[in-house]
Amino acid sequence: MKQRAAVLGTGQTHHAAKRTDVSMAGLLREAIDRAMTDARVGWDDIDAVVIGKAPDLFEGVMMPELYLADALGATGKPLLRVHTAGSVGGSTSIVAASLVQSGEHRRVLTVAYEKQSESNAMWALSIPIPFNMPVGAGAGGYFAPHVRSYIRRSGAPEAVGAMVAAKDRRNGSLNPYAHLQQADLTVEQVQASQMLWDPIRYDETCPSSDGACAMVIGDEASGDAAADGVAWIHATSMRTEPTTFAGRDQVNPQAGRDAATQLWHDAGITDPLSEVDAAEIYVPFSWFEPMWLENLGFMPEGEGWKLTESGETALDGQLPVNPSGGVLCTNPIGASGMLRMSEAAKQVMGKAGDYQVDGARKAVGHAYGGGSQYFALWLVGAEKPE
Amino acid sequence: MSYSETGSRGGATRPAVVGFAQSDCVRRTQGTTNGVEMLVPTLAEAFEQTGLSKSDIGFWCSGSSDYLAGRAFSFISAVDAIGAFPPINESHVEMDAAWALYEAWVKIRTGEVDTALVYGFGKSSAGTLRRVLSLQTDPYTVAPLWPDSISIAALQARLGLESGRWSEKDMAEVAARSLADARDNPQAQRSGEASVADLLDAPLTADPLRAHDIAPITDGASVVILAAADRARDIVSRPALITGIEHRVDSPVLGARDLTRSPSTEMAGASLDVGDVDVAELHAPFTHQELILRDALGLGDGVRISPSGGVLAGNPMFSAGLARIGEAARRVMAGDADRALAHATSGPALQQNLVAVMEAQS
């Protein structure tokens, strides 16, 4: 029988293109120490550690959790390493939650990271694979045709992508940890920036970041005992489908729709747009905001862009999307998903500072990975789930 | 969604192993490094054993390594072996698939699902395994020296010999027994009859290790199917109920721990009831490591050790630990054992260890 679980505390690093001031272990500890301070726990309170990151080839260390065991405080404890493509930060959070929900552990430390400056992620992603269409040059080249297809199918105005980018960068400037700080970036400036992978322009693209994110997840008693707010985990879901097969809808993948359907069902939500107060959605290229708004069921198919265009996804809108600035401001790949989960938690804990959404009681965290084929979601709330 | 009001772990569902299949252990496959060619027939065999099909599986979890495959996201292509559409509820660990089984075991205990399929795969032959594994060490202070996996194990064996904890003869006896047992394992890569004296006459490979002390380089894949206890009896007549599963990790600093012991195995074993097991399948890629593990788990002479031949007879990276759980479960399901222990290891010199205990579901 399932036990209740809650996020007791969160922490993250200051993110930058190159964190040459710290080792991998140092980077992780920056996030871990902040999360443990936020959760008011010490090492003796931690029963197990769950770590996630994207491919080991990004740093050139095979299964780095082995070398990191001491720095993670995991020595003598159970240590799990999750790897599910770009969704890994989300999946890692969910695995950590399940260790508490199953009744195995009382408090679990979970952490995700990427130190992208150790290598070149774009080319690490572009290794030719037998029997697969080559990625070409990184994720942007892979996803650009999906974006073109979305624009054609939905008839969305061209400016929508630039609106997302300007909005997320504005939000990110309110977040002291965000990598890109571009408070004044305008829609016109985004539209005038270099075209990288038509129709994705430079300013509509996520950065490459060094960074880490950590959370402490605790059981019901720990959540009850917390002095200030915790984020109760109301529901989690994960879905996977293959990269390619005949008839696959890569713009609005069924795996994402199925994951969302299960999430809303398990959380008892019938109208996501009116019942969810904030959404942290994995948007590495601007157009993925309207695409995922449809895939998640916030908007009907073909109409996601309308919510963006009307300004309703801004910080003061009906559904603030990525109030933290999102992946467009900060992208340490392995940690990006956990940042979405923890930023959703911060909103319902009332700890989001200058980008706090007024009165946020329920928030969703979302991550996706691979060729839009891995999805991880959670819904957190200020109140205990029934 | 309903929640339990109590905080007790005793009330959680107890998962059981209901199926196990593995590919032949071979020195080299011609297939791709994503394991699809090894996994397709192995998955089919596990489904045939259990009468289940893809749509019956509530959760999927796999274990593999990008470094073994030599490319990022290698596990994504492995999903093609499943035919994962409609989409599946799925996860992956960058570890031996024994830890994927742990994640699946936890998932069943949350009550979210009542069946899970776990798989692991690895094409060890794709690179120079001993050098690939050296990249598991500290990238700042150790890996630049390229200490390969066999040399590190040799240092461990040497420490045991010099401290008197074991002899080269003890090590050869482990190899002789493993190879003899493997004659009954049609999927073994190595088997045969050899006297301890003959083994000790062989030349040294990495002093003090001889060829028989070192697990072979193996390509392979394994599949285990789990079901919640109340579902398991409908699938097989004698499920192997997992009564406990624990894992721990030791410090990576080779100079900071006593390499002749395995504290993480001792801790995992101490958290379980490992007494009265009939059989123990141990994941010991080097003969002396079996001696360490038997000691750490307090396995006496009455316990049958690795009747499959163990990983000295075939060591498919990232599925060998899962296969130990499968082999132990198979003994229980077949009625050859009432209680069985399985162990999996990961990292240099037995750094990380998992122990599971299974018994026939009454």
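The values are calculated or read from the model by the stated rules, or taken from the named source; none is laboratory data. Nothing here was measured: the structure is a model prediction, and the numbers come from that model. Neighbour counts run over all protein chains shown; Cβ positions are idealised from the backbone, glycine included.
For A:GLY60, state whether it is more than 22 Å from B:LEU254 (Cα to Cα) and within 11 Å of another protein chain (Cβ to nearest Cβ). Judged against the criteria, A:GLY60 is not a match. Within the stretch B:113-121, not a single residue is at pLDDT 95 or above, within 25 Å of the chain's Cα centre (by Cα) and either over 23 Å from B:CYS61 (Cβ atoms) or part of a helix (DSSP H, G or I) (or both). The set of residues in the stretch B:38-95 being hydroxyl-bearing (Ser, Thr, Tyr) and not in a strand (DSSP E or B) consists of B:THR42, B:THR50, B:SER53, B:SER55, B:SER64, B:SER65, B:TYR67, B:SER74, B:SER77. Exactly one residue out of B:HIS288, B:HIS283 is in contact with a Ser or Thr (Cβ under 6 Å, 6 or more places away or on another chain), buried (at least 23 other Cβ atoms within 10 Å of the Cβ) and at pLDDT 95 or above, and it is B:HIS283. Against the test of being within 30 Å of A:ARG40 (Cα to Cα) and either of a type in the set (D, E, K, R) or surrounded by fewer than 24 Cβ atoms within 10 Å (Cβ to Cβ) (or both), the options A:GLY73, A:GLY89 yield a single qualifying residue, A:GLY73.
Among the residues of this structure, A:ASP249 does not count as one that is crowded, with 21+ Cβ neighbours inside 10 Å, within 14 Å of another protein chain (Cβ to nearest Cβ) and over 17 Å from the mean Cα position of the chain (by Cα). Taking the conditions exactly as written (closer than 21 Å to B:GLN352 by Cβ, buried (at least 24 other Cβ atoms within 10 Å of the Cβ) and not charged (D, E, K, R)), does B:PRO252 satisfy them or not? Criteria met by B:PRO252. Looking across the stretch B:316-340, just one residue is surrounded by fewer than 24 Cβ atoms within 10 Å (Cβ to Cβ) and either among the hydroxyl-bearing types (Ser, Thr, Tyr) or under 12 Å from B:ILE242 (Cβ atoms) (or both), and that is B:ARG339. The set of residues in the stretch A:51-106 that are out of contact with any helix residue (DSSP H, G or I) (no Cβ under 9 Å at 6 or more places or on another chain), among the aliphatic types (A, V, I, L, M) and either farther than 16 Å from B:THR110 by Cβ or assigned to a loop (DSSP other than H, G, I, E, B) (or both) contains only A:ALA69.
The number of residues in the stretch A:253-294 that are outside any loop (DSSP other than H, G, I, E, B), within 14 Å of chain B (Cβ to nearest Cβ) and within 17 Å of A:GLY371 (Cα to Cα) comes to 6.
Can you find, within the stretch A:225-235, the residue that is farthest from the chain's Cα centre (by Cα) among those that are farther than 16 Å from A:MET215 by Cα and at pLDDT 95 or above? Among those residues, the one meeting the criterion is A:ALA225. Against the definition (closer than 30 Å to A:MET1 by Cβ, in the same structural domain as B:ALA44 (by TED's automatic domain parsing) and either assigned to a loop (DSSP other than H, G, I, E, B) or touching a helix residue (DSSP H, G or I) at 6+ places or on another chain (Cβ under 9 Å) (or both)), how does B:LEU226 come out, yes or no? Yes, satisfied.
Residue count for the stretch B:71-85 satisfying the condition of being more than 7 Å from chain A (Cβ to nearest Cβ) and more than 22 Å from the chain's Cα centre (by Cα): 1. Every condition in (1) closer than 25 Å to A:GLY140 by Cβ; (2) among the hydrophobic types (A, V, I, L, M, F, W, C); (3) touching a Leu at 6+ places or on another chain (Cβ under 9 Å) holds for A:PHE288 except the one numbered (3). Set side by side, the residues B:THR260, B:THR243, B:THR218, B:THR265 differ, and just one is over 16 Å from B:GLY326 (Cβ atoms) and under 15 Å from the mean Cα position of the chain (by Cα), which is B:THR265.
Results for (1) buried (at least 24 other Cβ atoms within 10 Å of the Cβ); (2) on the phi > 0 side of the Ramachandran plot, shown as yes or no for each residue.
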site: A:MET338; (1), (2): yes, no
site: A:GLU343; (1), (2): yes, no
site: A:GLY350; (1), (2): no, yes
site: A:GLN356; (1), (2): no, no
site: A:ALA360; (1), (2): no, no
site: A:ALA363; (1), (2): yes, no
site: A:GLY369; (1), (2): yes, no
site: A:GLN373; (1), (2): yes, no
site: A:TRP378; (1), (2): yes, no
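Could you list, in sequence order, the residues of the stretch B:115-160 that are among the small types (Gly, Ala, Ser) and either surrounded by fewer than 17 Cβ atoms within 10 Å (Cβ to Cβ) or in contact with a strand residue (DSSP E or B) (Cβ under 7 Å, 6 or more places away or on another chain) (or both)? Residues satisfying the conditions are B:ALA116, B:GLY120, B:GLY122, B:SER124, B:SER125, B:GLY127, B:SER151, B:ALA153, B:ALA154, B:ALA157.
If only residues of the stretch A:3-30 that are closer than 18 Å to A:VAL50 by Cβ and within 14 Å of chain B (Cβ to nearest Cβ) are counted, the one that is farthest from the chain's Cα centre (by Cα) is A:GLN3. The stretch A:141-252 holds strands (runs of 3 or more DSSP E) entirely within its bounds, and those carrying 3 or more residues that are over 18 Å from A:GLY326 (Cβ atoms) and in contact (Cβ under 8 Å) with a residue 24 or more places away in the chain map to A:210-219, A:231-240. Each residue in the stretch B:291-341 was checked for being of a type in the set (A, V, I, L, M, F, W, C), part of a helix (DSSP H, G or I) and touching a helix residue (DSSP H, G or I) at 6+ places or on another chain (Cβ under 9 Å), and 12 pass.
Residues in the stretch A:134-172 that are in contact with a Ser or Thr (Cβ under 7 Å, 6 or more places away or on another chain) and within 14 Å of chain B (Cβ to nearest Cβ) were compared, and the one that is modelled with the lowest pLDDT is A:VAL135.
Within 16 Å of B:ALA340 (Cβ to Cβ) and not assigned by TED's automatic domain parsing to the domain that holds B:LEU52: is that true of B:ILE292 in this structure? No, not satisfied.
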